[in-house]
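Heads up, the thing below is written out as structure tokens.
The values are calculated or read from the model by the stated rules, or taken from the named source; none is laboratory data. Quick caveat: nothing in here was measured; it's all calculated off a predicted structure. Neighbour counts are summed over all protein chains in view; Cβ atoms, including those assigned to glycine, are modelled from backbone coordinates with ideal geometry.
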Amino acid sequence: MYDIFQIGDFSFGILDILDVLIASYLVYLIYKLLRGGIAFNIFIGIAMLYVIWWLVRWLEMPLLTTILGTFMSVGVLIIVIIFQPEIRRFLLYVGNTTMKSQNSFIQRFFPRERKLLEEAEPVIDSIVNALMRMSKTKTGALIVLSADGTVGLFDNSGVRVDAAVSEPLLESIFQKDSPLHDGAVIIAQDRIHTASAVMPVSENNELSKKYGLRHRAAVGVSESNKVIALIVSEETGDISYAHEGKLKKIGSRPELKEIIVRYHHLAE
């Protein structure tokens with residue numbers, strides 16, 4: 001009774017449409033997760049091997065079928081080993097998306113009191129002032145604003161700070177003679193959570209060669225986490241930000257503040 005139309009013995013119903021939509025969405029998530037990196041090329045290679053295996057089996061070529069069949073029998077294990085970081089990121093992405101949708105649904109019926117932007121104004125100004133001063137002195141910096149705490153997965157790679165956000169503290173952390181200047185500062189819930197944290201470096205081949213490790217780390221952490229990463233270039237003093245795997249240059253102080261304010265709306 002769920003069939004929409006039928007041609008001969010073939011019928012297509014509501015559940016079939018739902019099946020196609022879910023499968024298409026999963027394929028899109030996998031593409032979004034792997035695009036631009038080496039993992040995407042490996043995935044295409046494995047898919048091509050599967051197509052070839054299916055073809056030689058259909059053509060009844062026993063030798064190739066046996067060889068490729070042996071590979072396919074352990075294919076799932078190989079995929080798990082090769083794509084372990086990507087699978088973890090994928091599950092985190094799906095979980096974060098699901099929780100965000102659930103919270104949005106619940107808040108329609110049980111609205112919670114949100115933090116007023118005026119309360120976050122001193123924190124925002126401290127971040128903006130610190131970044132602008134470091135830009136003038138060409139002090140390299142990477143600040144990650146975490147909206148949902150998933151970036152806490154990288155906390156063990158850094159030094160726990162748990163301090164109030166202040167302009168002098170941010171500047172002192174990134175001074176070249178500071179033991180914490182390498183790596184990223186993670187700010188969560190308007191507090192400096194961790195310093196000298198190691199971020200995952202993006203494998204996106206579309207990134208320009210002019211970008212160094214700091215910029216690639218900013219893009220890498222933004223690809224699979226709900227964050228905005230702010231970067232000060234040590235070579236040029238330019239300020240950029242990365243969000244959802246995209247890297248953009250910031251041209252002015254008002255634009256910088258607007259981006260950080262937008263992060264606070266993202267975190268709500």
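Determine if segment 193-200 includes at least one residue that is within 25 Å of residue 121 (Cβ to Cβ), crowded, with 18+ Cβ neighbours inside 10 Å, at pLDDT 90 or above and among the hydroxyl-bearing types (Ser, Thr, Tyr).
No, segment 193-200 has no match at all.
Could you figure out which of (1) of a type outside the set (Asp, Glu); (2) buried (at least 24 other Cβ atoms within 10 Å of the Cβ); (3) touching a helix residue (DSSP H, G or I) at 6+ places or on another chain (Cβ under 9 Å) isn't true of residue 245?
Looking at each condition in turn, residue 245 falls short on (2).
Just one of (1) part of a helix (DSSP H, G or I); (2) under 18 Å from the mean Cα position of the chain (by Cα); (3) modelled with pLDDT of 85 or more trips up residue 142, so point out which.
It is condition (1) that residue 142 fails.
Identify, please: which residue in segment 210-233 is modelled with pLDDT of 80 or more and of a type in the set (Lys, Arg) and is, among those, farthest from residue 172 (Cα to Cα)?
The residue in question is 210.
Can you tell me which of 17, 46 is assigned to a helix (DSSP H, G or I), at pLDDT 65 or above and under 27 Å from the mean Cα position of the chain (by Cα)?
Checking each option against the conditions leaves just 46.
Can you tell me which of 206, 234 is in the same structural domain as residue 258 (by TED's automatic domain parsing), of a type in the set (D, E, K, R) and out of contact with any Lys or Arg (no Cβ under 8 Å at 6 or more places or on another chain)?
Criteria check complete, one pass: 206.
Select from segment 145-192 the residues that are part of a loop (DSSP other than H, G, I, E, B) and of a type in the set (Ser, Thr, Tyr) and write down the one among them that is modelled with the highest pLDDT.
Across segment 145-192, the extreme among qualifying residues is 166.
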